[in-house]
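Participant: Below you will find the structure I want to go over with you.
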Amino acid sequence: MQRLRVLLRSGADPDSALHYMVRLGERQPAALQRMVRAPATLQFLVTVFSYSRFLSEEVLEHPEWVESLPRAGDLHRVIPAEEYERRLTARLARIPEEESPAAELGSFRREQMLRILIRDVLAYGALSDITEELSNLADAVVEVTQARIRGILEKRYGEPRCEEGGAAELTVVALGKLGGRELNYSSDIDLMFVYSGNGETSGRETITNKEFFKKTGIQLTEWLSSYTEHGACYRVDLRLRPEGTLGEICISLEGARNYYRDRARDWELQMMIKARVCAGDRRLGRELLEFIEPLTYTSTLDFSKVESVSEARVRIHEKLAKRRGKTEFDVKLAEGGIRDIEFLVQCLQRLHGGREKWVRQGGTLLALFRLWDKKLLSEIEYGRLASAYRFFRNVEHRLQFLDDRQTHTLPEDTDELELLARRLPPAQLGSENTAARLQNEVDRHLNAVKEIYERVVHMQLPLHYTPENNDGVGRQPQFIPESQAMPDPNDPVSINLVRMLAQRAPVLGETLERSRSLQGRRAFEAFVEQALSRNPEWVEWMNEDRVLAGYAIDLFEHSPYLAELLNRNPELIKELRGVRE
């Protein structure tokens, strides 16, 4: 009992752990006695009771889920999807085909999540291990479920056959977080169903391939989404398929190709960065993704792609502000949060993926590393973005595995916020795991991400290279010196402006640095940004004429009124040039 008292005192939520211990003793006294005598099992039990209410309720009914963990030896490894498939297939074999397996699917998911949660909380696996394993689990559930449905349908309708001969196949493409192998504890799973082609089944009661695979998709969605005593297994979201909610549940390979080639919107192509085959026929899925890949990645530095994503981000924040109260904070959708990091990464991937195939990677953390590896992010930027992403994802996980809710919102209640802080990994907050420290860390990471996002995306400038060669031929990137790409943070000239001018107007940048302009640099930066977007020739004038550049810099330095006037009407630079002439 001494060990139990120590574990309770040092736990994240002693009151919750004690509450569930008492309830377990009332319901399963023999199981509790066994676990109290087993040190490792007791630690696992206190961990679950301190971190997750919905899994604690499951343990009250199934204490063997915790008791079996030390014997299984699974806590120190990532279980691959294939192994989950074997385990789930064995469990479903006990259920007659005419019965819905929805409850068993939900139970299987929760049992595996209990193990993953313990690996997560006790630091047996890194964040990337946890999200990969959550994704492996979902892959296995989708694979086994679609195979079971196909078997049932084939008994009634026969095998689906293509018109040109051969069996017709189904591929299930994962999108979003599942596609990137970075699933949350309570994520929707975004799926797209694609089948080989037209034809019909070979049975006495024939139906078209389209109808056969449509039935498969509908039945899979129903089984996984049905709410049972173990909750729903997964919420399946099909809205990212071609044509969205207006499109077919399942589309042929030819139809999918035509859509992405001719009608897909830019954000739909960008979404395919994370696409991968998670179930069904792998060859069919690879054929589709290999067709879409060159459409997703541009071979030139097309800043309109970045602009469209940036506009989408602004719309998200506007909707969020209208929908939520001022006191609520969403770690996913807030400016500088998870979504912004993902947007930033995908923008850089779109811009450079045509030239650097190495950066074509669905997972955000690995993509960040590869962008840094190719010097498309500086070491400081990579470190700050990766740190913020890990921090916000850990916060998100602890919000979600408490009650198996898809939430990203920090609690407003101070006591709940204190509990959240105590549930975070020690590496995130250190020994000072308090609500105040949590809020400070949230603000620090948000500010770091916003600063990088605005510089890289909002300014529509990639890092470390110019858009074209000096002779104007082609669109081959050129690296610029690190001293220009990453100026001294103590330099009084804005880092944003120096980087931008180093790429577009080096002579103007040099003139600005020599002037040591202090007061007007922010306004001048805004002016140059507007000039570049509306008429780059205005910037070229200042780059080619040091005297004109000096006039403009002096104006922004010494006359706030004229600076504001010029910012509102950047075309007035023509008047200033007239004075020069």
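The values are calculated or read from the model by the stated rules, or taken from the named source; none is laboratory data. Treat the numbers as computed from the prediction; the structure is a model and nothing was measured. Note that we place each Cβ from the backbone using ideal geometry, even for glycine, and neighbour counts take in every protein chain shown. Areas reflect the complete protein model, heavy atoms only, side chains present, ligands, DNA and RNA absent. Shrake-Rupley method; radii C 1.70, N 1.55, O 1.52, S 1.80 Å.
Participant: Between residues in the range 263-279 that are closer than 13 Å to residue 241 by Cβ and residues that are open to solvent by 20 Å² or more (accessible area, probe 1.4 Å) and assigned to a helix (DSSP H, G or I), which pairs lie under 7 Å by C-beta distance while being six or more apart or on different chains?
Facilitator: That search, which allows pairs on different chains as well, returns 275/289.
Participant: Filter the range 42-67 for residues that are among the aliphatic types (A, V, I, L, M) and without any contact (Cβ under 8 Å) to a residue 40 or more places away in the chain; which is surrounded by the fewest Cβ atoms within 10 Å (Cβ to Cβ)?
Facilitator: This residue is 42.
Participant: Considering the range 68-94 alone, what residues qualify as being touching a Pro at 6+ places or on another chain (Cβ under 9 Å) and surrounded by fewer than 15 Cβ atoms within 10 Å (Cβ to Cβ)?
Facilitator: Across the range 68-94, there are no qualifying residues.
Conditions tested, residue by residue: (1) part of a helix (DSSP H, G or I); (2) farther than 30 Å from residue 381 by Cβ; (3) modelled with pLDDT of 70 or more.
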position: 500; (1), (2), (3): yes, no, no
position: 530; (1), (2), (3): yes, no, no
position: 540; (1), (2), (3): yes, no, yes
position: 547; (1), (2), (3): yes, yes, yes
position: 550; (1), (2), (3): yes, yes, yes
position: 553; (1), (2), (3): yes, no, yes
position: 567; (1), (2), (3): yes, no, yes
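Participant: OK, next. Right, residue 354: touching a strand residue (DSSP E or B) at 6+ places or on another chain (Cβ under 7 Å), among the small types (Gly, Ala, Ser) and either open to solvent by 40 Å² or more (accessible area, probe 1.4 Å) or touching a residue at least 12 places away in the same chain (Cβ under 8 Å) (or both) or not? Steps first, answer last, please.
Facilitator: On the way: touching a strand residue (DSSP E or B) at 6+ places or on another chain (Cβ under 7 Å): no; among the small types (Gly, Ala, Ser): yes; either open to solvent by 40 Å² or more (accessible area, probe 1.4 Å) or touching a residue at least 12 places away in the same chain (Cβ under 8 Å) (or both): yes.
In short, no.
Participant: Against the definition (crowded, with 23+ Cβ neighbours inside 10 Å, at pLDDT 95 or above, under 29 Å from residue 290 (Cα atoms) and touching a Gly at 6+ places or on another chain (Cβ under 7 Å)), how does residue 250 come out, yes or no?
Facilitator: yes
Participant: Tally time: how many residues in the range 166-175 are of a type outside the set (D, E, K, R) and open to solvent by 20 Å² or more (accessible area, probe 1.4 Å)?
Facilitator: Result for the range 166-175: 2.
Participant: Then there's this: Looking at this structure, is residue 117 within 20 Å of residue 397 (Cβ to Cβ), at pLDDT 95 or above, in contact with a Ser or Thr (Cβ under 7 Å, 6 or more places away or on another chain) and aliphatic (A, V, I, L, M)?
Facilitator: The answer is yes for residue 117.
Participant: Of all residues being within 19 Å of residue 128 (Cα to Cα), open to solvent by 20 Å² or more (accessible area, probe 1.4 Å) and touching a residue at least 60 places away in the same chain (Cβ under 8 Å) in the range 363-382, which is farthest from the chain's Cα centre (by Cα)? Just the residue, please.
Facilitator: Top of the filtered list is 366.
Yes/no matrix, rows are residues, columns are (1) of a type outside the set (Lys, Arg); (2) farther than 26 Å from residue 273 by Cα; (3) surrounded by fewer than 20 Cβ atoms within 10 Å (Cβ to Cβ):
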{"residue": "147", "(1), (2), (3)": "yes, yes, yes"}
{"residue": "160", "(1), (2), (3)": "yes, yes, no"}
{"residue": "164", "(1), (2), (3)": "yes, yes, yes"}
{"residue": "210", "(1), (2), (3)": "no, yes, no"}
{"residue": "215", "(1), (2), (3)": "no, yes, yes"}
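Participant: Which numbered condition in (1) within 21 Å of residue 27 (Cβ to Cβ); (2) at pLDDT below 95 is the only one that residue 126 fails?
Facilitator: Result: residue 126 passes all but (1).
Participant: Would you please name the residue that is farthest from residue 140 (Cα to Cα), looking only at residues in the range 246-299 that are among the polar types (S, T, N, Q) and in a helix (DSSP H, G or I)?
Facilitator: Going through the qualifying residues, I end up with 258.
Participant: Still on this structure, I have one more. Can you find, within the range 1-23, the residue that is most open to solvent (accessible area, probe 1.4 Å) among those that are of a type in the set (Gly, Ala, Ser), farther than 14 Å from residue 36 by Cα and assigned to a helix (DSSP H, G or I)?
Facilitator: Step one: list which residues in the range 1-23 are of a type in the set (Gly, Ala, Ser), which gives 10-12, 16-17.
Still in the list and also farther than 14 Å from residue 36 by Cα: 10-12, 16.
With assigned to a helix (DSSP H, G or I) added as a condition, the list becomes 10, 16.
Working: 10: 89, 16: 21 Å².
Only one residue tops the list, namely 10.
Participant: How many residues does the range 399-418 hold that are among the charged types (D, E, K, R), part of a loop (DSSP other than H, G, I, E, B), surrounded by fewer than 16 Cβ atoms within 10 Å (Cβ to Cβ) and in contact (Cβ under 8 Å) with a residue 24 or more places away in the chain?
Facilitator: Result for the range 399-418: 2.
Participant: I'd like the residue in the range 96-107 that is open to solvent by 30 Å² or more (accessible area, probe 1.4 Å) and in contact with a helix residue (DSSP H, G or I) (Cβ under 8 Å, 6 or more places away or on another chain) and, out of all such residues, is modelled with the lowest pLDDT.
Facilitator: 97
Participant: Checking the condition in a helix (DSSP H, G or I), in contact with a Phe, Trp or Tyr (Cβ under 7 Å, 6 or more places away or on another chain), over 20 Å from residue 138 (Cβ atoms) and of a type outside the set (Asp, Glu), which residue from 50, 56 passes?
Facilitator: Values: 50 fails: in contact with a Phe, Trp or Tyr (Cβ under 7 Å, 6 or more places away or on another chain).
Only one candidate qualifies: 56.
Participant: Going by the structure shown, is residue 141 open to solvent by less than 40 Å² (accessible area, probe 1.4 Å) and either part of a helix (DSSP H, G or I) or more than 12 Å from residue 250 (Cα to Cα) (or both)? Steps first, answer last, please.
Facilitator: Numbers: open to solvent by less than 40 Å² (accessible area, probe 1.4 Å): yes; either part of a helix (DSSP H, G or I) or more than 12 Å from residue 250 (Cα to Cα) (or both): yes.
Yes: the conditions hold for residue 141.
Participant: Moving on. Take the conditions in a helix (DSSP H, G or I) and out of contact with any helix residue (DSSP H, G or I) (no Cβ under 7 Å at 6 or more places or on another chain) and apply them to residue 87. Does it pass?
Facilitator: Against the criterion (in a helix (DSSP H, G or I) and out of contact with any helix residue (DSSP H, G or I) (no Cβ under 7 Å at 6 or more places or on another chain)), residue 87 qualifies.
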